[in-house]
Amino acid sequence: DLRTREFPLRRVWSMALGTEFNTAVAGRTVLRAPSTGSEWLGFAGSRRRLPAGFAAAPADLTGLSQADQNGLIGSFRNAWSSARADGGPNGSFSVSVGGEDPMLGKLVGYAASLTYSYSQETRRDESRAIAAPGSATGTFERQNYYRGETGRIGVLWGGMLNLSSRLGSSSRLDLSNTYTRTADNEATRLAGFNDGFNQNYDITRLSFVERSTLSSQLRGEHLLGWRHHVLWQAGYGKVTRDEPDRSDLVYETVLDTVTGASQPVAWTGAPRSGARAFSAIDESAAQGSLSYRIQLGAHGSQTFVKVGVFGRRTDRDADSRVYDITSSSLSQPDRSAPAESIFNGAYAASGRLNLYANASSGRYTARDLNAGGFAMVELPLGSRIRLIGGARLERSGIRVRTLTVNGGDTTSRLYDTDLLPALAATIALTPAMN
């Protein structure tokens, strides 16, 4: 239900360039996640894709030989650690044009724009913890307290194209299109004491999240004489959210009790200490509506009767896969190496790393169908009061199929039929007040 700007009556255009300096970033050393490919445009690089070998493997990875596991582990992109780099200024760019010109014998109005921005952000002195119930009523104890920082590079760009034309003196067509894409490449590093394991940990997470929104809408409005009005609309929308190749890395560490500085000692090798996650959500929706209004009575005391129908279908596909890399055979010196040395393929090739599908993996598909019709009347009662009443009959159906990593398959359905009446009164207290 987007409403964007319409075309101006004369041709106009504009262009803007901008830059800004964030004193927390520009000229300072900030945490940075590695990048690959055309990520400055908000598209994940091809190296972030789930390796092809996982498509042929069982979802829960059961039945795979050690050699098959070794091959899958070695196919991951070998990027686990954050880096530090010099921060710079942020920037933005935009251009737009609009007007009304003859085209194919008709006057066509248009409005188009394109924007792009690039930003850098840092969050220093972050702290995270769990609040657990304390020994006394109304108190709490801080558990699993971690401190650290996050560095992020964000990209935002999008465009708009609107076209409008009049067909004769009684019809008008409008086509509206918008597209937006954002992406955040983020590195987080935290260190602290884990109460459950009685151990100091240094945790690094690298993530790249891309999102997109597309909306297209065609709208027609027709006057048939002075009594009849027809309005129809058809639209399509699509949204996505992808997080390809997120990595989580956990090292045992030594913490400076005064400064909080962390000196990683060794990779733990336990579940969730070396994890790769791939998730994607895609949702699309198509909808349409048609309404008819007739005007009855003399000017000044008109009665309006309006009827219409509408329908919408929405489909969603959500897929999340998390894989744990563990080891019980690597020695302390082996695990003390940088993560990129541990996971460069040598230990996997020698069978010293294991691969498991995490239980939080899974997938669901969903469909939402919604259709209905309505009728309403706007009726004058004298010169000061107007009544507006009507009802909408709506039928909806939702179907969700859930697939777990261990083969569970569940389908849920929900169907509803609703009659939604409404009544309103408008009273003119004065010629300038309702």
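Taking the centroid of alpha carbons for each part, region 73-149 and region 182-222 are 8 Å apart. Placing dummy labels 7 Å off each Cα toward the beta-carbon, the span from D282 to R11 is 4.0 nm. Taking all protein chains together and rolling a 1.4 Å probe, I388 ends up with roughly 50 Å² accessible.
Please pull out the direction-averaged projected area of region 99-164, using the convex hull of its alpha-carbon atoms, in nm² to one decimal place. The partial results should precede the final answer.
Working: hull surface 36.6 nm².
Orientation-averaged projected area of the Cα hull: 9.2 nm².
Separation of region 339-389 and region 274-329, taken as the distance between their Cα centroids, equals 10 angstrom.
For region 194-205, putting each phi into the Karplus relation 6.51 cos²θ - 1.76 cosθ + 1.60 with θ = phi - 60° gives couplings of 9, 5, x, 9, 6, 8, 7, 10, 10, 10, 10, 10 Hz, in residue order, rounded to whole numbers and with x for Gly and Pro.
Can you check what the net charge comes to around A132, using other residues whose Cβ is under 9 Å from the Cβ of A132 (Lys, Arg +1; Asp, Glu -1)? That sum, taken over residues with Cβ under 9 Å, equals -1. On the principal axes of its alpha-carbon atoms, region 296-434 has extents of 92, 37, 17 Å, going from largest to smallest.
Of the solvent-accessible surface of the chain, computed with a 1.4 Å probe and all protein chains present, 57% belongs to carbon and sulfur.
Only protein heavy atoms count here; under a 1.4 Å probe, K106 has an accessible surface of about 90 Å².
Report the semi-axes of the equivalent ellipsoid for the chain in whole Å, largest first, where each axis is √(5λ) for an eigenvalue λ of the Cα gyration tensor. Don't skip to the end; give the middle numbers.
On the way: eigenvalues 607, 153, 118 Å².
The three semi-axes for the chain are 55, 28, 24 Å.
Our coupling estimate for region 144-158, obtained by passing each phi through the Karplus curve with A = 6.51, B = -1.76, C = 1.60 and θ = phi - 60°, is 6, 8, 10, 10, x, 8, 10, x, 9, 10, x, 10, 9, 8, x Hz, Gly and Pro reported as x.
Over the chain, with the other protein chains present, what is the accessible area per residue in square angstrom, probe 1.4 angstrom? Can you show the working numbers first?
Details: 24350 Å² over 434 residues.
Per-residue accessible area for the chain comes out at 56 Å².
The values are calculated or read from the model by the stated rules, or taken from the named source; none is laboratory data. Keep in mind that this is a model prediction, so the values were computed, not measured. A quick note on method: Cβ atoms are made from the backbone with ideal geometry, for glycine too, and the neighbour counts reach across all protein chains shown. To get the accessible areas, we keep the full protein, side chains included, count just its heavy atoms, and leave off ligands, DNA and RNA. Shrake-Rupley method; radii C 1.70, N 1.55, O 1.52, S 1.80 Å.
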